[in-house]
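Here the structure is laid out as structure tokens; the discussion comes afterwards.
The values are calculated or read from the model by the stated rules, or taken from the named source; none is laboratory data. None of the values given here were measured: they were computed from a predicted structure. All Cβ positions, even for glycine, are placed from backbone atoms using ideal geometry, and neighbour counts span all protein chains on display.
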């Protein structure tokens, strides 16, 4: 293990864990509280006015919701962090495409913080993030 300053390790742990919590609860809420059928119903009419095929709405709602739950959990525990970042990056890309096609000037208040947090985790050196399961398993 690389000798990293305590505050840097703590900062990266906090960033990764908070990002994971945000993603986890976003997906959890869509799957277990709101329910996927209601998420699909909410976006049915706006998607009808776009170039996105309607038949993709339900599978994408499932895929993005489970990606947020699984990727969020992986970040929280620091397990396979690179794979979790890949899953959540694809999720963010799909969400950006869908929302941008619905309304080009959409409200990014929920999207932007998650996007920035993911970018920060990706851009900071991985060896700084020492408080994760990946570090203990290797």
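Residue 50 meets the conditions (1) in contact (Cβ under 8 Å) with a residue 12 or more places away in the chain; (2) surrounded by fewer than 13 Cβ atoms within 10 Å (Cβ to Cβ); (3) in a loop (DSSP other than H, G, I, E, B) in every case but one. The failed one is (2). Would you point out which residue out of 92, 80 is surrounded by 15 or more Cβ atoms within 10 Å (Cβ to Cβ), on the phi > 0 side of the Ramachandran plot and free of Cβ contacts under 8 Å to residues at least 60 places away in the same chain? After applying the criteria, what remains is 80. Residue count for region 99-125 satisfying the condition of being in contact (Cβ under 8 Å) with a residue 40 or more places away in the chain and surrounded by 15 or more Cβ atoms within 10 Å (Cβ to Cβ): 7.
Taking the criterion of being surrounded by fewer than 17 Cβ atoms within 10 Å (Cβ to Cβ), within 22 Å of residue 135 (Cα to Cα) and at pLDDT 95 or above, would at least one residue in region 21-44 satisfy it? Yes; the residues of region 21-44 include at least one that is surrounded by fewer than 17 Cβ atoms within 10 Å (Cβ to Cβ), within 22 Å of residue 135 (Cα to Cα) and at pLDDT 95 or above. Here is the figure for region 127-138: residues that are surrounded by 14 or more Cβ atoms within 10 Å (Cβ to Cβ) and closer than 19 Å to residue 73 by Cβ total 6.
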